[in-house]
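A short worksheet on the structure shown next.
The values are calculated or read from the model by the stated rules, or taken from the named source; none is laboratory data. Keep in mind it's a predicted model, so treat the numbers as computed, not measured. With ideal geometry, Cβ positions are generated from the backbone for all residues, glycine too; neighbour counts draw on all protein chains shown.
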Amino acid sequence: MAVKELCGTCVFTMTWSAAIAKVILLCYHDRMSQIGLTFLFLSVAALLLLSNILRADIVALMLMLALGLSGILTSHEAFSGFSRSAVIIMLSAFILAEGLHRSGLTERMGSFIIRLFGKGERRLIFGVMAASAVLSLFMNNIAAASLLFPSLSGVARRSKVSPSKLLMPLAFGTILGGMATLLTTTNIIVSGLLRDAKLPGFTLTDFAPIGLPLVFAGILFMVFWGRKLLPDQSPAQRHEETDESDDLLNTYQLAERLVRAKVRKGGSLDGATLEKSGLREKYHLNVIAIQRGRSSPTIEAGAILRGEDILLIMARPEDSLPVSLMEILDILPSGEWQQDYLSTPNMKLIEAAIAPRSHLAHQTLQDIRFGQKFSARVLAVWRRGRSIRTRLADLPLEFGDGLLLQGTEKSLTLLRTEPGLILLAESAPSTRMTLRGWFTTLIMALTLTLAVIFPDQIAEIMLSGAVAMVLIRTLSMDQAYRAIDWRSLFLVAGMLPVGVALNKTGASAMFANGILSSFSGAGHLVLLAGFVLLTVALTQVINGAAAVTVVAPVAIIAAQQVGMEPRSMAMAVALASSMAFMSPLGHSVNVMVMGAGGYTFRDYARVGIPLTILLVIFLLIILPLVMPIG
């Protein structure tokens, strides 16, 4: 409640601050007042982003409204982000990527590349990063990682390689691949900001000559050095000599919370349904299996308990069986029961993760009626390096949570149809390339080709490709809407007017003058390095899209004032905003693999800092060779 009240206060404060600011500007309509208020709004937005009080897209919309309500921007300027070609390109890219995924080509390509490089740790890291980088050239980074993530745990187990050695390389590979194409959020934004400054934007292939060497440098670093800095084991570690079910029990630390109890004949539980027994609601005890004689264990909520039934119960130590239950239940020794009870021919253990942008996030298992919907029971949740095993019904799920499930083949089939879940340690059913799939691939190839030939009409061309995929029924309009990451779209649309405000008020010029005075006498390369390091630092703690929206307009003006090539400066800032390796907060794909890989903030820093230093050095060497900087 306190967080909700704080969020409401933030919105109320920013809205009324904007209204008061408008009155001030009417009385003192001078440029310095506008610049001061612009920096004030940016400072408040930065604090909200850094403190993670509100989501980034909400902060962006609040900032857009504040700039409009204060009179700094006109209504047309404040809402101009929604009409920018950058937003249309992003929207189209999400739909095109989903269509390509549904064609089956991306799955086949990713699996082929992984199989191609064998089973050794070094070769697998190279294959995983190459596959993820190639996929992210054509689709969103999160989508590319999501295609490879489900099968990676199984690949690791069969190859005797720890998943922790592969999952961070998977995330880094998608980020690196996005640096070599225009179809990355930050690259699209910077291209749009160049056009706002009456300069030519970037084409689809402009990033490749610089981005591809950075991709190869990043992959080689991870293969030969970075892998040694990764943790040796993860919570999802699988050992060939250990049964998978037993290993999952150990991974999620279930054994210490499991109790066997027998229902006493004639007691209050004899003849009661599991749902109405009150064991969960009254005593916080989670019955996860019922054994009757020699029959297979059952988990149905409507099952009727009988005397002599053996219950497998999960409870916290402080919720151990109370005295009042001793009259109706007999505690039994554990024995060798784990595998027999939790994984039988009719029932299996399944591991899944909450997918990025999942509608399941922030909802409880009870809210979504998880058991009824998927015919599966959640036994434990893995979150930030620890296992949560009890009182799960009222626990709000979070993006990146690992779920240990108990279910049947029917459950597995139902779970595969849920886009909000990623099944781990399992290869998705093979997708056969149909005639429609080949037409979809042809549309994608034609769209990218035309975008290269006619760079000034890239938004129209990509939207046409997206519409064509809907027309040939690769996906429906409803599926196209679901494929779009609306959070990213509203974030970009809300942040783009910030660049207009910085330029209109003269704040960009003032900021640029301040930086130039600090670097007075320094060469062009030093100034370039300064903006690169500033962007890299901001990207680790706030969204890269927000970072470039503020830094890029200033960098472009600074370059023009000292006689540098502004497009080269913009290219450097765009690529720097993708170097989100030092913190899991830098990119959603880092958060996605954090739980399954068992990574900590220290792991990202240990691997990400040297990788970032290497890439910054390579960027400062390669960019002047490919593009003129002065």
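When 575, 516 are screened for being touching a residue at least 40 places away in the same chain (Cβ under 8 Å), assigned by TED's automatic domain parsing to the domain that holds residue 182 and assigned to a helix (DSSP H, G or I), only 575 passes.
In region 514-544, of all residues being buried (at least 24 other Cβ atoms within 10 Å of the Cβ) and within 24 Å of residue 493 (Cβ to Cβ), the one that is farthest from the chain's Cα centre (by Cα) corresponds to 535. For region 297-311, the criterion of being at pLDDT below 65, small (Gly, Ala, Ser) and over 38 Å from the mean Cα position of the chain (by Cα) is met by no residue. Region 433-505 holds helices (runs of 4 or more DSSP H) entirely within its bounds, and those carrying 2 or more residues that are modelled with pLDDT of 85 or more and closer than 30 Å to residue 67 by Cα map to 458-471, 486-505. Hey, any hits in region 203-225 for a residue that's in a helix (DSSP H, G or I) and modelled with pLDDT under 90? Checking region 203-225: not a single residue is in a helix (DSSP H, G or I) and modelled with pLDDT under 90. Do we have residue 527 as touching a residue at least 24 places away in the same chain (Cβ under 8 Å), out of contact with any strand residue (DSSP E or B) (no Cβ under 7 Å at 6 or more places or on another chain) and farther than 27 Å from residue 398 by Cβ here? Spelling it out, residue 527 is indeed touching a residue at least 24 places away in the same chain (Cβ under 8 Å), out of contact with any strand residue (DSSP E or B) (no Cβ under 7 Å at 6 or more places or on another chain) and farther than 27 Å from residue 398 by Cβ.
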